[in-house]
Amino acid sequence: MRLVFAGTPEVAVPALDALIASDRHEVVAVVTRPDAPSGRGRRMVASPVAERAEEAGIEVLKPVKPRDEDFLARLREIAPDCCPVVAYGALLPKIALDVPARGWVNLHFSLLPAWRGAAPVQHAVLAGDEVTGAATFQIEQGLDSGPVFGVLTEEIRPTDTSGDLLTRLAFAGAGLLTATMDGIEDGTLHAVPQPAEGITLAPKIEVEDAKVDWAAPALRVDRLVRACAPAPGAWTVFRDERLKVMSAALVTDRVDLEPGELAVTKKAVYVGTGSHAVELIWVQPQGKKPMKAADWARGVRIETGERLAG
């Protein structure tokens, strides 16, 4: 099939690579989000998908909105058979969905109908799910509600961050998306409607959602830190400044600390929660680079009884 691939972040690149490498399909163009400011200099930077497509000599389309007339006209000229999608980042209007003969097929990183929305992996980690996966489905007007072509499952490990899990799903999902294109092309694969039961939603996790509540049980704190790594990053407040909690570990043998209370040894930094303590492993003080929590604690000279706010 002639394919127009839609995607934006790094997590979409493995699927693009897999489709480029396929001997059954041709990626004739890529649709991605417009260049965006990045870094301290706020320099305009192309998306990872745009960069990979340009390296491969593939035409790149960057509509501000996918209903833009110039974009729709070019898409009709290209006349793709199908448009595979991975984390494109914009809602597709019906006028765009109607262009490819076999529609738009999304690779979504959950076992639908669970965790429909922008942040399925983060919510799966936050909820303490033991298993998640990926699904390919036909895009329709509803939120991730279209019929499903195929699924794969992936165990969520006890120490997984969202970044760890998403990386594994991106590479496994690339194979699923390619196999889905193969099945659609040869007529052996047909989409099945999603069940009406088991629907959960996974809206984007905002910075305010990532603030640690030290009165919550340690397990909840641990899940929040892992779910928000690498972005938006769990955080707390120390001496009226924001402190990002990049990684932490459960410590079941310390129950002597109040929620938010800090305790420092030569090699470790502990924080009390609503149950037992957690150990801070990596932190990032406001305006500084990430550092080991023990090094941070030595630098700020934590006093007995000091607390993290939350």
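The values are calculated or read from the model by the stated rules, or taken from the named source; none is laboratory data. In this text, all values refer to a predicted model and were calculated from it rather than measured experimentally. Because the Cβ atoms are built from the backbone with ideal geometry, glycine has one as well, and the counts that use them run over all protein chains shown. Side chains are part of the model used for accessible areas, which takes the heavy atoms of the whole protein and leaves out ligands, DNA and RNA. Shrake-Rupley method; radii C 1.70, N 1.55, O 1.52, S 1.80 Å.
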Expressed in nanometres to one decimal, the distance between label points 7 Å along Cα→Cβ at Arg102 and Leu143 is 3.0 nm
A correct Kirkwood calculation over the Cα atoms of the stretch 1-140 returns a hydrodynamic radius in Å of 15.8 Å
Asserting the computed 222 nm helical MRE of the chain (DSSP H runs at least 4 long, -39500 (n - 2.57) per run, divided by residue count, to nearest 500) equals -7500 deg cm²/dmol
For Leu92, Leu111, the accessible-area ranking with a 1.4 Å probe, largest leading, is Leu111, Leu92
Set Lys204/Lys292; Lys211/Lys292; Lys204/Lys244; Lys65/Lys288; Lys62/Lys288, cut-off 26 Å on Cα-Cα distance; pairs above it are Lys204/Lys292; Lys65/Lys288; Lys62/Lys288
Checking rank on 159-167, 262-270, with mean other Cβ inside 10 Å and highest first, the result is 159-167, 262-270
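Using Stokes-Einstein with the Kirkwood hydrodynamic radius over Cα pairs, what translational diffusion coefficient do you get for the stretch 3-61 at 25 °C and a viscosity of 0.890 mPa s, in µm²/s rounded to a whole number?
On the way: Rh = 11.7 Å.
It diffuses with D of about 209 µm²/s by this estimate.
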At 37 °C and 0.692 mPa s, the Stokes-Einstein diffusion coefficient in µm²/s for the chain, with hydrodynamic radius from the Kirkwood sum on alpha carbon pairs, is 155 µm²/s
Diffusion coefficient in µm²/s returned for the stretch 89-212 by Stokes-Einstein, Kirkwood Rh over C-alpha pairs, 10 °C and 1.306 mPa s, is 104 µm²/s
In whole percents, the bins of 10 Å from zero upward hold the Cα-Cα pairs of the stretch 170-310 as 11, 34, 22, 12, 12, 7, 1
Subtracting the Cα-Cα distance of Glu306 and Asp209 from 0.36 nm times their residue separation yields 32.5 nm
Taking the stretch 239-310, the whole-percent share of alpha-carbon pairs separated by over 20 angstrom is 20 percent
